[in-house]
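The values are calculated or read from the model by the stated rules, or taken from the named source; none is laboratory data. Predicted model, so just to flag it, every value in this text is computed and none were measured. Ideal geometry is used to build each Cβ from the backbone, glycine not excepted, and the neighbour counts take in all protein chains shown.
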Ligand code: BG6
C-alpha cells in the first residue's frame, strides 16, 4: 500500500534514538522509494536552530549510522531536503505555535507525532498538541518505551494520551515486533499445517526464550539504573515474544484480531505469589569479567553508576500459562547484559517419543527441538533423529537448518523501518494496545514489589557468562538445561 503525503514530527528529534535509529530508518525507506516526494520530517528540540544547523548535526550524528553500502549522495540530498527543525518546549503551550506554523494545514495529509522523549513528557506534549488544535482526525501519535515503570504509571500514560487521541491513533512501539524473525514466526505458525497440531501441551515439553547481550549498561546507566532488566526487556520484548509463540490462531491478521489473542495470553499467565516468586524468578547483576577476551568492569563500576546499586542486569523467570493448550508447559524466559554471547532465540522442545522401539539396541532417541533464531542471524533449526548410514540400526540427531538471509536474497528491513512504514500507513497490528500494555505490567508488578520489599542484592555473575548459577538451577530443577549450557 502506497504511503500518502505526511508531516512526521519527531519530538526528541535531536536525541540519541532519532540520530541512531529513526533518521537512518527513514533514510533507508526514502532510498527504497517508499516515501512520497512531498513527505516532510520535522524534528523538534528545545534550542533555537536553523534548518541548516540541524542538518549539519544530522550529518555528524546520524549519517555515521548508515552503512557505506547504502549511502547514496543524491538520495541523502533528497532526504535532507525533507528535514526541518522547529524549537518547541514540551511544557510551554505557547511554543507549540512554532509547530502550528511549520505544519501544513491539509486534512488529507497524515500527521504523525512521534514521542521519542521521556514518558514524563507524554502528557504535556499531548495536551499542548490538543490545545494548539493539532490533535485532529488525521493525526497519529507514536509512544516510545519505557511505557511506564509499573502498572499505575502505564495506566496514567494511557489515560493522559487517551484524553486527546483515540486508541486507533495511538502506536505503542515495541521494536521487537518489527523484527523480521518475529514476523516469520507468525508465518511459520499460521502459514503451515505442520506445526499447529503439535503446538500444545500434548507434544511440547517446554519453551525457552532468551535475549542475551554482550553489551553492558555503560553509557546509559542514568536510564538503566531506574529500569533494570525486568522493566527494560522482560515486561515488553520477552513477553511480546511469548505472546506470539503462545497465542491462539487469530481469525485474521488484522490489528485487533492479533492483539485480542495476545491479550488472552497475558491474562492467562499464572500470577506469582511471594512463595512461587522465590522459586521461579532469578535476578542477577554483572561483576567484572571478560567479554570476547576483553576485560570489562562490573555494573557498579560503570561510569556514573551507583556503587551500591540493586538494579538487576539479568533476569530469568519460569512462567506458566493457565490455558487448556499450555497448562503444565514451562516457559523459561531470560535476558541479561554482559552475557557470554549476543543472541535472541526461541527454543521449542517437543516431548520424547511415547515408546522407543530402538531402546533395546542402545539407541536413545532425543526429543525434537525447534529453534527460531532472531539474532544475530535469522533462521530455523530443527533437530530430528536419523539413522546413521551403514550396517545396523543406530540413530543420531541431525539438524535441518534454514538461514533466512541465504534463502531470501532480498534486502533486509530494520525493525524501525518496518514500524515507521506501518505508522505512516496506519497499520496497528505490530503495536501494543492499551489493555495489552496494562496486562503485561499487571503480571510483572508482583515481582517488582517483592524485590522492593526484600531490599536484597541481585546475585552477582561474572561478565561474559550465562548469568548466575541460580538461573541454571531454576531450569535444572525440572531436569532441563538452557540450550547454550546443554
Ligand atoms: C532496548 C533496550 O529496548 O532493546 C536495550 O532498552 C537493549 O537495553 C535493546 O539493548 C536490545 O534491542 P536489540 O534490537 O539490539 O536486540
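Please verify whether region 473-483 includes one or more residues that are in a helix (DSSP H, G or I), surrounded by 15 or more Cβ atoms within 10 Å (Cβ to Cβ) and at pLDDT 95 or above. Taking every residue of region 473-483 in turn, at least one turns out to be in a helix (DSSP H, G or I), surrounded by 15 or more Cβ atoms within 10 Å (Cβ to Cβ) and at pLDDT 95 or above. Looking at residue 317, is it closer than 21 Å to residue 481 by Cα and crowded, with 23+ Cβ neighbours inside 10 Å? Against the criterion (closer than 21 Å to residue 481 by Cα and crowded, with 23+ Cβ neighbours inside 10 Å), residue 317 qualifies. In this structure, does residue 338 turn out to be within 16 Å of the ligand (Cβ to nearest atom), in contact (Cβ under 8 Å) with a residue 40 or more places away in the chain, crowded, with 18+ Cβ neighbours inside 10 Å and under 17 Å from residue 208 (Cα atoms)? Spelling it out, it is not the case that residue 338 is within 16 Å of the ligand (Cβ to nearest atom), in contact (Cβ under 8 Å) with a residue 40 or more places away in the chain, crowded, with 18+ Cβ neighbours inside 10 Å and under 17 Å from residue 208 (Cα atoms).
The sole residue among 137, 154, 181 that is part of a loop (DSSP other than H, G, I, E, B) and either touching a residue at least 24 places away in the same chain (Cβ under 8 Å) or in contact with a strand residue (DSSP E or B) (Cβ under 7 Å, 6 or more places away or on another chain) (or both) is 137.
Write out, first by first residue and then by second, each pair whose Cβ atoms fall under 6 Å of each other, whose residues are 6+ apart or on separate chains, and whose first residue, in region 221-239, is more than 15 Å from residue 300 (Cα to Cα) while the second is within 11 Å of the ligand (Cβ to nearest atom) and in a helix (DSSP H, G or I). Within 6 Å, the pairs are 237/176.
When every residue of region 430-446 is checked against the conditions, at least one turns out to be in contact (Cβ under 8 Å) with a residue 40 or more places away in the chain, in contact with a helix residue (DSSP H, G or I) (Cβ under 6 Å, 6 or more places away or on another chain) and within 30 Å of residue 66 (Cβ to Cβ). Just wondering, is there one or more residues in region 299-313 that are part of a strand (DSSP E or B) and touching a residue at least 60 places away in the same chain (Cβ under 8 Å)? Looking through region 299-313, none of the residues is part of a strand (DSSP E or B) and touching a residue at least 60 places away in the same chain (Cβ under 8 Å).
Residue count for region 218-228, restricted to those that are more than 9 Å from the ligand (Cβ to nearest atom) and over 16 Å from the mean Cα position of the chain (by Cα): 6. The residues in region 450-470 that are part of a helix (DSSP H, G or I) and touching a helix residue (DSSP H, G or I) at 6+ places or on another chain (Cβ under 9 Å) can be counted, and the count is 3. Out of 428, 366, 421, one residue alone is away from the ligand (no atom under 16 Å from the Cβ), part of a loop (DSSP other than H, G, I, E, B), surrounded by 20 or more Cβ atoms within 10 Å (Cβ to Cβ) and at negative phi. It is 428.
Before we move on, is residue 404 at pLDDT below 95 and closer than 25 Å to residue 184 by Cβ?
Judged against the criteria, residue 404 is a match.
Just give me the residues in region 193-217 being within 12 Å of the ligand (Cβ to nearest atom) and touching a strand residue (DSSP E or B) at 6+ places or on another chain (Cβ under 8 Å), in sequence order. Once the filter is applied, which keeps residues that are within 12 Å of the ligand (Cβ to nearest atom) and touching a strand residue (DSSP E or B) at 6+ places or on another chain (Cβ under 8 Å), region 193-217 yields 210, 211, 212, 213, 214, 216. Is it the case that region 167-174 has a residue that's within 16 Å of the ligand (Cβ to nearest atom) and either in a loop (DSSP other than H, G, I, E, B) or surrounded by fewer than 18 Cβ atoms within 10 Å (Cβ to Cβ) (or both)? The answer is yes; a qualifying residue exists. Taking the conditions (1) surrounded by fewer than 18 Cβ atoms within 10 Å (Cβ to Cβ); (2) away from the ligand (no atom under 16 Å from the Cβ); (3) more than 16 Å from the chain's Cα centre (by Cα) in turn, residue 377 satisfies each one other than (2).
How about region 27-55: which of its residues are in a loop (DSSP other than H, G, I, E, B) and touching a residue at least 40 places away in the same chain (Cβ under 8 Å)? Give the derivation first.
Looking only at region 27-55, we keep the residues that are in a loop (DSSP other than H, G, I, E, B), and these are 32-39, 46-50.
Residues satisfying the conditions are 32, 34, 35, 39, 46, 47.
The set of residues in region 304-335 being away from the ligand (no atom under 13 Å from the Cβ) and under 21 Å from residue 293 (Cα atoms) is empty.
Is there a residue in region 145-156 that is surrounded by 18 or more Cβ atoms within 10 Å (Cβ to Cβ), within 16 Å of the ligand (Cβ to nearest atom) and on the phi > 0 side of the Ramachandran plot? Looking through region 145-156, at least one residue is surrounded by 18 or more Cβ atoms within 10 Å (Cβ to Cβ), within 16 Å of the ligand (Cβ to nearest atom) and on the phi > 0 side of the Ramachandran plot.
Note on region 100-126: residues that are over 17 Å from residue 39 (Cβ atoms) and surrounded by 19 or more Cβ atoms within 10 Å (Cβ to Cβ) amount to 7. Every test in (1) more than 28 Å from residue 37 (Cα to Cα); (2) touching a residue at least 40 places away in the same chain (Cβ under 8 Å); (3) surrounded by 17 or more Cβ atoms within 10 Å (Cβ to Cβ) is passed by residue 198 save one, and that test is (3).
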